[in-house]
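Working notes, structure below.
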């Protein structure tokens, strides 16, 4: 599939409240437009990677959108997309957002990435559909400082589900290398360092999970 067309100019800086909450290593917020024969597909793409999983814990759609005046219109729905040889599981949300004297409605697709931690058993490396994995990783003294990442896609209410899925797959397909980097796939196992001691059942009760390619 062809790569997405050039994006519109990015926001020059991360908003101050988000920066204070997230302390991000990397932040991307852009609008992409995919030109098709019958219509253009437009989606806002947010990618954020935090150096500490704890910093990500307050940043997810059911928390952020209502905190800014939004209303959740439907219960969250599990979704999945096959991109290359990888299955990506995420969650679909539908919100009404204030816009002057009226409101707009937006679809929001969201998933999280926990990186591989060399030398740490049950490192939870994977792609997760909701915030629960980030809370688990952030609750472990061995894991939390390896960080977490989040992808968020926002679409106008007029886009149908097939159109939203098409945008997701067409965007993610040429960017799988970014996901592999966030998963830390290139890391090799080594003996745990003093900062990352070998876990035992008492120290590390969480089980691995997520979706792996």
Quiz prompt | Extension gain, residue 71 back to residue 35 (0.36 nm per residue minus Cα-Cα distance, nm) | solution = 9.9 nm
Quiz item: Taking 0.36 nm per residue of separation and subtracting the Cα-Cα distance, what length does fully extending residue 175 through residue 122 add?
Solution: 16.4 nm
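Quick one: grab the alpha carbon gyration tensor of region 87-137, order the square roots of its eigenvalues as a ≥ b ≥ c, and give me rounded if a/c is under 1.5, else prolate or oblate depending on whether a/b is larger than b/c.
Numbers: a/c = 4.80, a/b = 3.24, b/c = 1.48.
Cα axes put region 87-137 in the prolate bin.
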Self-check item: Relative contact order (percent, whole number), region 17-183, Cα cutoff 8 Å, 6+ residue spacing
Solution: 25
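What area, in nm² and to one decimal, does the C-alpha convex hull of region 17-183 cast on average over all directions? Before the final figure, lay out each step's value.
Values: hull surface 41.9 nm².
The number I arrive at for region 17-183 is 10.5 nm².
Counting other beta carbons within 10 Å of each residue's own, what order do 64, 50 fall into, fewest first?
Ranking 64, 50 by Cβ neighbours within 10 Å, fewest first, gives 64, 50.
Using Cβ contacts closer than 10 Å as the measure, can you line up 38, 170, 44 from fewest to most? Please list the in-between numbers first.
On the way: 38 6, 170 19, 44 16.
Neighbour counts put them in this order, fewest first: 38, 44, 170.
The numbers here are math on the coordinates, done by the rules we state, and not lab data. The shown structure was predicted, so the numbers you read here are calculated from the model rather than taken from an experiment. Positions of Cβ are backbone-derived with ideal geometry, glycine not excepted, and every protein chain shown enters the neighbour counts.
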